[in-house]
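Here the structure comes first, spelled out in structure tokens, and everything after it is commentary.
Derivation of every value follows stated rules applied to the coordinates shown; laboratory data play no part. Quantities reported herein were computed from a predicted structural model and do not represent experimental measurements. Please note: Cβ atoms are built from the backbone with ideal geometry, for glycine as well, and neighbour counts cover all protein chains shown.
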Amino acid sequence: MMAKKQKIVILQRDEDDLLDTDEVKEPAAGPAGKTEASLAKEQVQPKDVKVFLRTFGCQMNERDSEIIAGLLMDHGFGVAESQDEAEVVLFNTCSVREHAEERVAGNIEKLSSLKDKKPGKMIGILGCMSQRHGESLFSRFPSLDMVVGPGNIYDMPELLREALDGKKVLAVDKLKRPKKGTDPAYRSGVFSAYVNVMYGCDNYCSYCIVPYVRGREVSRPKKDIVKEVKSLADAGFKEVILLGQNVNSYGKGQTQKVDFPEILEAVNDIKGIERIRFTTSHPKDAGKPLFKAMRDLPKVCEHMHMCLQSGSNKILDLMNRKYTLDEYMKKVDTLREMVPGVGISTDILVGFPSEKESDYVATRMAMEDIKFNSSFIFKYSPRPPALSSTLIDDVPEKIKVERNRELLEIQKEISYEINKKMVSSSQEVLVEGPSRMSKDELVGKTRDNTSCVFKGPSDLIGKVVKVTVKGTSPFTLKSELET
Ligand code: SF4
């Protein structure tokens, strides 16, 4: 009945595809006359249980899904290539905006209707939505079997066993991540890998749910980070992406005084690693030591994601962002002086409570002044218990949509202008894979994080190559491989 053990497949996060019902076929029935539930109770062995893990949200969630997959495999659980052939379907969820939760809810409701026909199938919610809503998710989704928070992921094998024994599993009691320890080796990629440098956040920006679902800041010991990157280099990985909600406050509260630039230096010294990226940076903690490291350490790519959120000081203050527009722009100027050609991307939130037309115009003008290489523009939605949820959400949805659409248009023009200036330049690209747009083209990222496509053989995937930029579209450089 059960297929042989396979590698767990983690789907990359995708924006808006709900389960396509006609895609799902009725999985095979158990030995004659036995219900799934009794079969599960009687015989279940990890090797007989295939798990399908679906990831929503940010890079931290993708890294968590790898850790969960590695733990489950290390404890003998099987994998499923798709949701319909799995006994257990786990959703690793995001709570950062209402829309993110609605998408998960839609998937669970669809899967629940299938569960009526196949009672042995199990459904679990992991990640930020679990931490935010906890036990109440069982009454919202009666077909749920597990609710596990981000801090409890290291207990997943035991928790899954309990669920397979028929218990409803609720595990959201560990908000703080264990400081020490080595994560399972499993990775979803082969040449680029995420490495957590810290967990949680102490900033409590008033619109943000993260501190409530991922806890206070915990910095991983330098030696654990270096050890992990060394093992990745030994395994042939070329690029590491250092992760944290705010990497610039790395080391706070640690006995051993180490800051983030020192982590960059230590990782830069590791043989085999060719590229280092990091995300995310809170502007208030970004400064010359970091910019100097970006300038002087050859493997550290010249790209920084530094979230502005708004161009209005009134709104920045209500957001509890702890900087003014002027301070932010001064940091951008210093960064551009110290790191020539640096790519800067950002996050912008429109429609924050009490955002007047003048506040919005200040944001638009800031984007036109700063000229980010790229930006993620989001519409505000209240996230209780984040503080801003106590404010009246007084910006009409129609206005939020308009402001969101206009800023996306403005960013498209700015990115296009920036890319046009790169035509005829030579760029170093880490080849990520075949282009989705055309099968005989490859796609990769330049050091300043711009997408780039060019014709080339597939054995270049995972390698760093040189290309000449021949043309561009608003977001992608059209290039030619240099021979
Ligand atoms: S810095 Fe602010 S927006 Fe970013 S994760 Fe922390 S609280 Fe949220």
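Data for the structure
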{"quantity": "Extension reserve of the Leu297-Glu85 stretch, reckoned as 0.36 nm per residue once the Cα distance is removed", "calculated": "71.6 nm"}
{"quantity": "GluC sites (Glu not before Pro) restricted to DSSP loop in the stretch 96-151 with at most 13 other C-beta within 10 Å", "calculated": "Glu135"}
{"quantity": "Of Lys168/Lys252; Lys322/Lys379; Lys222/Lys331, pairs whose Cα-Cα distance is over 29 Å", "calculated": "Lys168/Lys252"}
{"quantity": "Reachable aspartates and glutamates from Lys238, criterion Cα separation under 12 angstrom, eight or more residues apart if same chain", "calculated": "Glu274, Glu432"}
{"quantity": "Nearby lysines by direct alpha-carbon distance to Lys117 (threshold 16 angstrom, same-chain neighbours under 8 apart not counted)", "calculated": "Lys25, Lys34"}
{"quantity": "Over the chain: helical MRE at 222 nm, DSSP H runs n ≥ 4 each giving -39500 (n - 2.57), nearest 500", "calculated": "-10000 deg cm²/dmol"}
{"quantity": "At R0 = 22 Å, FRET efficiency that the Cβ-Cβ distance of Asp393 and Met365 yields, to 0.05", "calculated": "0.35"}
{"quantity": "Within the stretch 148-176, backbone nitrogen closer than 18 Å to the virtual label 7 Å beyond the Cα of Asp74 toward Cβ", "calculated": "150-161"}
{"quantity": "Cα centroid separation - the stretch 407-455 against the stretch 357-399, whole Å", "calculated": "27"}
{"quantity": "Integer Hz, Karplus 6.51/-1.76/1.60 couplings in order for the stretch 211-226, x for Gly and Pro", "calculated": "x, 7, 10, 10, x, 6, 5, 10, 9, 6, x, 3, 5, 5, 5, 4"}
{"quantity": "Pairs from Lys398/Lys478; Lys50/Lys167; Lys118/Lys176; Lys223/Lys455 whose Cα-Cα separation, in the structure shown, is over 30 Å", "calculated": "Lys398/Lys478; Lys118/Lys176; Lys223/Lys455"}
{"quantity": "Highest average packing first - 252-259, 311-318, Cβ atoms within 10 Å", "calculated": "311-318, 252-259"}
{"quantity": "Efficiency of FRET between Glu327 and Glu482 - r from beta-carbon atoms, R0 41 angstrom, step 0.05", "calculated": "0.50"}
{"quantity": "No Cys partner within the rule (Cβ under 4.7 Å), the chain", "calculated": "Cys58, Cys94, Cys128, Cys201, Cys301, Cys307, Cys452"}
{"quantity": "Rounded D (µm²/s) - the chain, Kirkwood Rh over Cα pairs, Stokes-Einstein at 25 °C, 0.890 mPa s", "calculated": "102"}
{"quantity": "Extended-chain gain in nm, criterion 0.36 nm per residue less alpha-carbon gap, Gln256 and Lys288", "calculated": "9.4 nm"}
{"quantity": "Estimated FRET transfer efficiency when R0 is 56 angstrom, pair Glu265-Asp116 (beta carbons, to 0.05)", "calculated": "0.50"}
{"quantity": "Long-range amide H partners of Val300 with built H, under 5 Å", "calculated": "Ile276"}
{"quantity": "Cut-off under 5 Å, modelled amide H: who pairs with Val89 long-range", "calculated": "Phe52, Met122, Ile123, Gly124"}
{"quantity": "Shape call, the stretch 101-224: gyration tensor on alpha carbons, a/c limit 1.5", "calculated": "prolate"}
{"quantity": "Over 21 Å between alpha carbons, listed pairs Lys47/Lys110; Lys330/Lys420; Lys412/Lys470", "calculated": "Lys47/Lys110; Lys330/Lys420"}
{"quantity": "Ser95 long-range amide H proximity, modeled H, under 5 Å", "calculated": "Cys128, Met129"}
{"quantity": "Highest to lowest packing among 444-454, 321-331, scored as the average C-beta count within 10 Å", "calculated": "444-454, 321-331"}
{"quantity": "Segment Lys455-Glu417, length gained on full extension (0.36 nm per residue, minus Cα span)", "calculated": "11.3 nm"}
